[in-house]
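Structure first, then comments.
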Amino acid sequence: MPPSLIRLLVFMTLLGVLVAVVQIGLVQFTFEKLGLSERSAFLLLFTSLLGSNINMPLFSVRAEAEPPPMDPNVQAFLRRARLIVPGRTVIAVNVGGCVIPVAFSVYLIRHFPLTAFQVLLATAVVAAVSYAFSRPIGRVGIGMPALIAPFTAAITATALDTGSSAALAYVCGVLGVLIGADILHMADIRRTGAYIASIGGAGTFDGIFLTGLLAALLT
């Protein structure tokens, strides 16, 4: 290869390693703020990563738009797995992107001095903002600008000045997005034309899980 291309590849590799190191350090710092040991943080990340590949179907709603074309063999497999239903959109929850973050939120509520009023108020604020900024995206589901919810959760938790702002930011970030962007937009799912709408299914580090971590980090 030309020397210029080799230098470019080396630079991109080093840049990727640097970004990964910074991200891992930030994640570790965030979990320390949430009271987790290094082993517990690794276990949470590992199970979330594995769970991001698992969608649990709950129910289906009538689809009002034409779904995208799909390979017949893949379609047949998904039908047998009950992940797609002809003429309907399957509503599912992603284990890594929703179930685990919600379970961890319950853990934080039980282990930090957070009152019901603080949790409900902060969650309501994030839910209202999430609902206002989220929109149905054709053949995909519900979408929202990535940083809206984390910044809202961090500002709200800091304003309440609980002494446990990081924990409150994570909790209201997760629950607020779940309620405002997903549950309150459930009726709009019909118009997206998606085969399956998975709550938290954008991936562990792109959906609800990431929202909670960023919110805690920003406090």
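The values are calculated or read from the model by the stated rules, or taken from the named source; none is laboratory data. These numbers were taken from a predicted model, which means no experiment stands behind them. Methodologically, a virtual Cβ is constructed for each residue, glycine included, from the backbone with ideal geometry; neighbour enumeration extends over all protein chains shown.
The table below lists the values:
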| read-out | value |
| --- | --- |
| Hey, D161 of a type in the set (D, E), within 25 Å of F46 (Cβ to Cβ) and modelled with pLDDT under 90 or not | no |
| Residue within the range 136-147 that is within 30 Å of L43 (Cα to Cα), modelled with pLDDT of 85 or more and surrounded by fewer than 16 Cβ atoms within 10 Å (Cβ to Cβ) present | no |
| Subset of the range 195-216 that is at pLDDT below 75 and touching a helix residue (DSSP H, G or I) at 6+ places or on another chain (Cβ under 7 Å) - its residue that is surrounded by the most Cβ atoms within 10 Å (Cβ to Cβ) | F209 |
| Selection within the range 143-201 - over 16 Å from S105 (Cβ atoms) and of a type in the set (D, E) | D161, D188 |
| Tally of residues being aliphatic (A, V, I, L, M), within 21 Å of the chain's Cα centre (by Cα) and at pLDDT 70 or above across the range 56-102 | 10 |
| Pick from the range 130-187, criterion aliphatic (A, V, I, L, M), under 13 Å from the mean Cα position of the chain (by Cα) and in a loop (DSSP other than H, G, I, E, B), ranking: farthest from L214 (Cα to Cα) | M144 |
| Residues within the range 34-53 that are polar (S, T, N, Q) and either in a helix (DSSP H, G or I) or touching an Asp or Glu at 6+ places or on another chain (Cβ under 7 Å) (or both), tallied | 3 |
| Selected residue [within 30 Å of R191 (Cα to Cα) and of a type in the set (D, E, K, R)] from R135, R110 | R135 |
| Filtered residues of the range 42-52 (kept if under 17 Å from the mean Cα position of the chain (by Cα) and either surrounded by 12 or more Cβ atoms within 10 Å (Cβ to Cβ) or modelled with pLDDT of 85 or more (or both)) | L44, L45, T47, S48, L49, L50, G51, S52 |
| Among the residues listed as T192, T158, T219, the single one being touching a residue at least 60 places away in the same chain (Cβ under 8 Å), surrounded by fewer than 24 Cβ atoms within 10 Å (Cβ to Cβ) and touching a strand residue (DSSP E or B) at 6+ places or on another chain (Cβ under 7 Å) | T192 |
